[in-house]
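The values are calculated or read from the model by the stated rules, or taken from the named source; none is laboratory data. All of these numbers come straight from a predicted model, not from anything done at the bench. Here the Cβ is made from the backbone with ideal geometry for all residues, glycine too, and neighbour counts use every protein chain on show.
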Amino acid sequence: MKVVIAGGGSVGRFIAEQLTQGGHAVILIDQDQAVVKRASARNEPAGVTWLQGDACEIGTLAEAGAQDADVIASVTGDDEDNLVISLLAKQEFGVPRVVARVNNPKNEWMFNEMWGVDVAVSTPHLITALVQEAVSVGSFVRLLSFEGGKAKLAEVTLAEGSPADGKEISELGFPRDATVVAVIRKERVIVPRGDTVVRCGDEVVVLVTNESEDDVRTVLIG
């Protein structure tokens, strides 16, 4: 897979390193000439191709090979830049998957399909969700949004009295556009099947749409 990453800071370099170790071809763009020169000379991260330039410009993205990229990740420290890069990636180059970093959580509402963003990652919101997930029982906790919020990955820790307690997943009557993707029980991850029985204390991870969220709440919480 070919991945173009805009933003050569600590976040961009870490992502690039992980992806190259996974066997992917990674091009890392940064407009700071000194940063690119130093990283290229040290070959850090190993196997990554560096490109000096402004990723907000079509010419730079074209030079990076955006037209052939499977994914573009815009992870600079500036939300405006991340939005512009995402829009260019989607509209000018038709990149199948565009991932954008949200630095200011107040700006997350803009990171949607209108700006070419397929997946927006807001670190403050993600940390908040993980804290809620750790302390909340019987609550519907959103972990991650996709397609501008049209789909969500969420988690519910089943409380005593949950209508789902002791039932097989196939019996729960989930809506067609929702699915259980994992059940976590005493630090063990269970890949769910129709005959998987969920119990009080289980962390049930579900993928839902806006239309199915209320029905899923009813199924798991009551």
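General remarks:
- Some residue of the stretch 173-188 being in a loop (DSSP other than H, G, I, E, B), of a type in the set (Lys, Arg) and surrounded by fewer than 19 Cβ atoms within 10 Å (Cβ to Cβ): yes
- Contacts under 7 angstrom Cβ, first residue in the stretch 104-129 being within 18 Å of Glu92 (Cβ to Cβ) and modelled with pLDDT of 90 or more, partner surrounded by fewer than 13 Cβ atoms within 10 Å (Cβ to Cβ) and of a type outside the set (Lys, Arg), 6 or more apart: Gly116/Gln91
- Taking (1) surrounded by 14 or more Cβ atoms within 10 Å (Cβ to Cβ); (2) not in a helix (DSSP H, G or I) in turn, Glu108 satisfies each apart from (2).
- Residues being part of a helix (DSSP H, G or I), free of Cβ contacts under 8 Å to residues at least 40 places away in the same chain and either in contact with a helix residue (DSSP H, G or I) (Cβ under 6 Å, 6 or more places away or on another chain) or surrounded by fewer than 17 Cβ atoms within 10 Å (Cβ to Cβ) (or both) - total across the stretch 48-87: 10
- Taken over the stretch 23-47, the criterion of being farther than 23 Å from Ser86 by Cβ, surrounded by fewer than 18 Cβ atoms within 10 Å (Cβ to Cβ) and not charged (D, E, K, R) is satisfied by Gly23, Gln33, Ala34, Ser40, Ala41, Asn43, Ala46, Gly47.
- Residue in the stretch 10-29 that is at pLDDT 95 or above, part of a helix (DSSP H, G or I), in contact with a Ser or Thr (Cβ under 7 Å, 6 or more places away or on another chain) and not acidic (Asp, Glu) present: no
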